[in-house]
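Asker: Below is a structure I'd like to ask you about.
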Amino acid sequence: MTNGHIKILLVEDNPGDVLLLKEFLRDVNSTQFELTPVECLKEALQFLDEQRFDIVLLDLSLPDSQGLETFVEIDRNAPLIPIVVLTGLDDETVAIRAMQEGAQDYLVKGQVDGNLLGRAIRYAIERKQAQEILRQRERQLSAVFNSALNAIAIADDNGRYIDANPAACELFGVSREELLNSSIADFAEASFDFNLAWQTFREQGQMKGEFCLCRRDGTVREVEFAATADFLPHQHLSILRDITERKRSALALKHQTEILQAIFDHIPVMLSFYDANGRLEMVNKAFEKILGWSLEELKETDVLAECYPDPDYRAGVLEFMKTPDGSWRDFHTRNRAGTIIETSWANVRLPSGFNVGIGQDITERKRAEQKIYEQAALLEITTNAILVCDRANQIIFWNKGAEQLYGWLPEEALGKDSTELLYEEISPQLESAFQEVAERGEWQGELHKIDKYGKEVIVESRWTQVRDERGQPKSILRVDTDITEKKHLEAQILRAQRLESLGTLASGIAHDLNNILTPILTTAQLLPLKNPDFDERSMQLLKLLEGSARRGADLVKQILSFARGVEGKRSIVQVGHLLWEVVKIAKSTFPKSIEIEADIPTHELGMVFADATHLHQVLMNLCVNARDAMPDGGNLLISAHNTFLDERDAKKNLYAKVGRYLVIRFSDTGIGMTPEILDRIFEPFFTTKEVGKGTGLGLSTTLGIVKGYGGFITVSSKVGDGSTFKVYLPQVNEAQKQVDIESDMPRGKGELILVVDDEAAVREITQTSLEASGYRVLLAKDGIDAIALYTQHKDEIKAILMDIMMPSMDGTTASRTLHKINPNVKIIATSGLISNEKIAQEAGDSIKAFLSKPYTLKDLLNVLHEIVNQ
């Protein structure tokens, strides 16, 4: 409808009624009507589809449609067009039903005039428009209600929910059906007084606030709400918002703000916020403490003028403040007390336009730098070699001590690769040094280097990693102390200690062995002289006997030689290969009752610096010991792995040091050891084996070799449970010719010789040998017996052959006593220990010569002939 012009679609099959309605409408002067008549439903629907009408006047009785269905069909196809039903007196009931279905009005034919028809048409159009507007608003409100992000809930007078939007269902954690069967009290805390709160709400009419909503799944949400009572009669509106995350965020923001404020207040550097004009807005406590002004005082103070009174200097500071690029610059700054301090500043611009000044008091650092500069001069006069290498291992500092130790002038050393300049090859110790200083920042140990002339230099080296101001590795400071002479001296001391230790140990058996070997060797030489008619077979047996005795004597000498030290050729050794060789030998030679297992990851094991032969001896000794501990069979596990000993681990063993070690483990399931035995197993000649099955030198030799490589051994054992030996090794990533006995030996002329020895076999063979060589012999078994016999025959005895070590009275004491009886007595001392020669020499002038057991018949006769004929 526009400008009072109304288009009407008249659906009427009676031409008289059509004509009559046209006349009625023509009489209405206030409104212009345009009437389009149609006679059937089909035609009406076609017109409605093709044209726009403001209203439909509908007769319900048409040729192609009757009754209420006619209205339903028209309304379905044109829901926005108002419909006025035309009915007769006999079908008014159907018209009323049509109004119930949505018709705007109905008119009874025969009771209509122009004014009534015009008014009904206008009212129908207005009502339809009003209904449509109301329907639109309802749809809008429903859309807002259902799509609102906030929860909206409506409750009745008892506080039970009668409507709620999806957001409310999501907030309460229930379905709409469940929520509409609940009351507000169902979601409140147990302590919540619902009746009091509801009464207060109804009285006040409105309420806002926060509360904790307890959902049925046990979770609790913090909710903000605004409620209005009776926004519709007996309906109460609540709008709710979940503020749980907001609360958490606010709390987190508050916490973060407190942290930032604490950092701002307590950070040990000066922080200042200033605008583009340099005006300070905020400073931290470090700023106030270092410079002396509080923020309130700074707002009334020209701080730049106070800190930098010189105008030219201040201009430079201002220029620096205008370039907030984060770079650092040092300044001389005056504090409130008037003291000049050294400061370092950087400026950063914030997105807000404010600048942040970051400052440090570097007065102490400057003093330290000056001290370092002064100390640098001292580096040139120290005797230690001090050099600094950069990250590329190039020498960047070389002091006078380094020049003196290695022979290279500074201009020759600077810029050179230290490894190429000072090492013949990259040793495992050097690799370990690089690795450890990279991991721990420091390293200390021995290194073998070379000087300018190729001479080996052994140094005690201390490496320290130097970092820049950002904490990044910058260089390595190395301090080398020359210990070449010290190491040589230590080697001599160690050799002397081994000699002393093993000499003491060897004394327990050397004397006895030599006493046994002496008569055997002498007899083997004497028999051919007394019986020149021996057949060839007998002579061969005697030579075999003599050879065996000589080999026994050589064995004793080898023990004593080992005491003096055995130098081996050391090299980098892959122990895994040696271990597998030992495993192979053990599996092929050990009894089948011993099961051998091996866990030896050869390619993963670190290298050691050792003599392979000596190391093989160590491994075999431990392997054989394990075998002997399992006479009835058992299991032997041989394994090896890498390990690192820190300071705490190193303190557990006297010989351990911090560093990487190769650990070799021998675990058996044998008889085990008592604590008493365990305490003595490394003592030389100590053995628990049966006589003839062990010398007691195996473990002591093993320990000596391992300690010589800087390693150590740990042992754990329990009787009945077996033993475990662990060897820790620091990682580094000809026979003598036989001399025939000469046949022409000097002979005696009946001289009387006193032979003094505690061993009966030695006495007897010596008596036989001397008597066969033209001497007469008296025998004494100890010093007391010798003194008694000498007292009786001192005028006849021409010489005394006396053993130094004897029970009751030893040879030294007896010699002194005999010398008192006869200052001219001639004594030949004998002993199985080389060290006893010195004892014999200290015994006095009475001892004219010394024979070391086992001695040959030729040696005895030559010495005796010389002494008797003096």
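The values are calculated or read from the model by the stated rules, or taken from the named source; none is laboratory data. These numbers were taken from a predicted model, which means no experiment stands behind them. Glycine gets a Cβ as well: all are built from the backbone with ideal geometry, and neighbour counts include every protein chain shown. Ligands, DNA and RNA are excluded from the accessible area calculation, which covers all protein heavy atoms including side chains. Shrake-Rupley method; radii C 1.70, N 1.55, O 1.52, S 1.80 Å.
Asker: Keeping all protein chains in place, calculate the accessible area per residue for the chain (probe 1.4 angstrom), answer in Å².
Answerer: 56
Asker: Within straight cross-link reach of residue 109, meaning Cα distance under 19 Å, which lysines are found once same-chain residues fewer than 8 apart are removed?
Answerer: Excluding near neighbours in sequence, the set is 22.
Asker: On to the next question. Hey, any idea what Rg/Rh is for region 64-107, computing Rh the Kirkwood way over Cα pairs?
Answerer: Ratio of gyration radius to Kirkwood radius for region 64-107: 0.93.
Asker: Continuing with the same structure: So what's region 36-135 giving for Rg/Rh, alpha carbon basis, Kirkwood Rh from the mean inverse pair distance?
Answerer: Value, to two decimals: 0.93.
Asker: Please list 464-474, 159-169 highest first by mean number of surrounding beta-carbon atoms within 10 Å per residue.
Answerer: 159-169, 464-474
Asker: What ratio of Cα Rg to 2.2 N^0.38 Å holds for region 304-345?
Answerer: Computed over Cα atoms of region 304-345, the ratio equals 1.14.
Asker: Place the peptides 77-85, 170-178 in order of packing, highest mean first, counting for every residue the other Cβ atoms within 10 Å and averaging per peptide.
Answerer: 77-85, 170-178
Asker: Sticking with this one: Aspartates and glutamates within cross-link reach of residue 707: Cα-Cα under 14 Å, excluding same-chain residues under 8 positions apart?
Answerer: Result set, ordered by chain and number: 490, 567, 611.
Asker: Further, regarding this structure: Could you work out what % of the accessible surface of the chain is carbon and sulfur, using a 1.4 angstrom probe and leaving DNA, RNA and ligands out of the count? Spell out each step's value before the answer.
Answerer: Values: 25030 of 48490 Å².
Taking all protein chains in place, the chain shows 52 percent carbon and sulfur surface.
Asker: Now for a separate question. With equal scatterers on the alpha carbons only and no solvent term, can you work out the Debye log10 of I(q)/I(0) for region 253-325 at 0.22 1/Å?
Answerer: These q points yield log10 I(q)/I(0) values of -1.08.
Asker: May I ask for the Rg/Rh ratio of the chain, computed from Cα atoms with Rh as the Kirkwood radius, given to two decimals?
Answerer: 1.40
Asker: Let me ask another. What per residue convex hull volume, in Å³, do the alpha-carbon atoms of region 80-234 yield?
Answerer: Cα-based convex hull of region 80-234, divided per residue, equals 160 Å³.
Asker: So what is the calculated 222 nm ellipticity per residue for the chain, using -39500 (n - 2.57) for each DSSP H run with n of 4 or more, over all residues, to the nearest 500 deg cm²/dmol?
Answerer: One gets -13500 deg cm²/dmol as the mean residue ellipticity at 222 nm.
Asker: While we're here: At a Cα cut-off below 18 Å, give the lysines reachable from residue 543, other chains included and same-chain residues fewer than 8 away excluded.
Answerer: Excluding near neighbours in sequence, the set is 530, 737, 858.
Asker: Continuing with the same structure: Report the trypsin sites (Lys or Arg not before Pro) located in region 1-67 that are in a DSSP loop and have at most 12 other Cβ atoms inside 10 Å of their Cβ, or state none.
Answerer: Answer in residue order: 52.
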